[in-house]
Amino acid sequence: MDGRPPSRRRAFGETRGGRRPRTPGGDDPLTPDVAPGSPEDDPGDPEQVARGICLRALTGAPKTRQQLADLLAVKGVPDDAAEAVLDRFTEVGLIDDASFARAWVSSRQAGRGLARRALSAELRAKGVDPETAAEAVQLVDDDDEREAARRLVERRARGMRRLDRQTATRRLMGMLARKGYNGGLAAAVVREVLDEIGAAEDADDPLAEFDEERALP
């Protein structure tokens with residue numbers, strides 16, 4: 001006997017020093033890909049998967065029911081599980097197409113100056129049903145639409161002072177058409193704004209009202 005304590009046999013899986021190795025994917029930042037999935041990602045429960053996908057999608061911005069349904073289809077969630085989750089989210093208010101449509105109309109009309117026709121087209125493209133879209137678009141009345149069109153024309157016309165009136169009119173009409181304005185309203189607003197710009201320029205020009213005959217001796 002040399003007086004040293006007898007060595008202890010290491011248990012299975014135990015490393016030198018008495019520590020057991022970490023389980024793959026625990027809290028090791030070097031192996032994030034093998035970390036245990038969250039319950040939402042459990043491939044054995046399609047509804048849990050659908051809930052996780054929808055919650056993550058709604059974190060960034062509101063979505064329509066159709067947008068979420070399309071996303072779930074792309075992710076391969078079965079139709080019955082997708083419908084069950086979408087129904088539940090609608091029931092508790094996480095999906096509200098009417099609220100989405102009102103907010104969309106308010107934002108796009110104020111920020112982009114879109115007319116009601118363009119707003120309706122955008123809502124339909126996002127899966128909002130026609131009746132809900134029509135109700136939301138009613139938030140924009142004729143005066144709102146005309147005022148928005150006028151702001152757009154005034155802002156764009158500032159950079160067209162060197163163009164002849166016909167060219168400026170054509171470009172401004174095209175811009176309003178792309179934003180959903182009908183031809184009658186667009187023509188009236190463009191004419192009105194260009195007339196005002198022309199009158200202001202004449203007032204600033206000292207030769208605009210110069211009477212040559214009176215100036216003669």
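Of note:
Residues are listed down the side, and each one gets a yes or a no for (1) among the small types (Gly, Ala, Ser); (2) open to solvent by less than 20 Å² (accessible area, probe 1.4 Å); (3) touching a residue at least 12 places away in the same chain (Cβ under 8 Å):
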residue	(1), (2), (3)
111	yes, no, no
119	no, yes, yes
133	yes, yes, yes
139	no, no, yes
143	no, no, no
147	no, no, no
158	no, no, no
161	no, no, yes
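- Only one of the listed residues (115, 136, 61) is of a type in the set (Gly, Ala, Ser) and farther than 24 Å from residue 183 by Cα. That residue is 61.
- Filter result for residue 17 (touching a helix residue (DSSP H, G or I) at 6+ places or on another chain (Cβ under 9 Å) and at pLDDT below 95): no
- Test: residue 172 is closer than 30 Å to residue 90 by Cα, modelled with pLDDT of 95 or more and touching a helix residue (DSSP H, G or I) at 6+ places or on another chain (Cβ under 6 Å): no
- Residue match in the stretch 37-60 (condition: out of contact with any helix residue (DSSP H, G or I) (no Cβ under 6 Å at 6 or more places or on another chain) and in contact (Cβ under 8 Å) with a residue 40 or more places away in the chain): no
- Filtered residues of the stretch 170-184 (kept if within 20 Å of residue 105 (Cβ to Cβ) and in a helix (DSSP H, G or I)): 176, 177, 178
- Meets criteria (under 17 Å from the mean Cα position of the chain (by Cα), in a helix (DSSP H, G or I) and surrounded by 20 or more Cβ atoms within 10 Å (Cβ to Cβ)) for residue 152: no
- Contacts under 7 angstrom Cβ, first residue in the stretch 177-191 being within 16 Å of residue 155 (Cα to Cα), partner not in a helix (DSSP H, G or I), 6 or more apart: 179/113; 179/114; 179/115
- Answer residue from the stretch 122-131, given it is free of Cβ contacts under 8 Å to residues at least 60 places away in the same chain and more than 15 Å from residue 107 (Cα to Cα) and is surrounded by the most Cβ atoms within 10 Å (Cβ to Cβ) among those: 129
- Any hit, the stretch 61-73, residues being loosely packed, with under 14 Cβ neighbours inside 10 Å, more than 17 Å from the chain's Cα centre (by Cα) and at pLDDT 95 or above: yes
The values are calculated or read from the model by the stated rules, or taken from the named source; none is laboratory data. Fair warning: this is a prediction, and the values are worked out from it, not measured in the lab. Note: ideal-geometry Cβ built from the backbone for every residue, glycine included; neighbour counts use all protein chains shown. Surface accessibility is based on the protein's heavy atoms, side chains included, excluding ligands, DNA and RNA. Shrake-Rupley method; radii C 1.70, N 1.55, O 1.52, S 1.80 Å.
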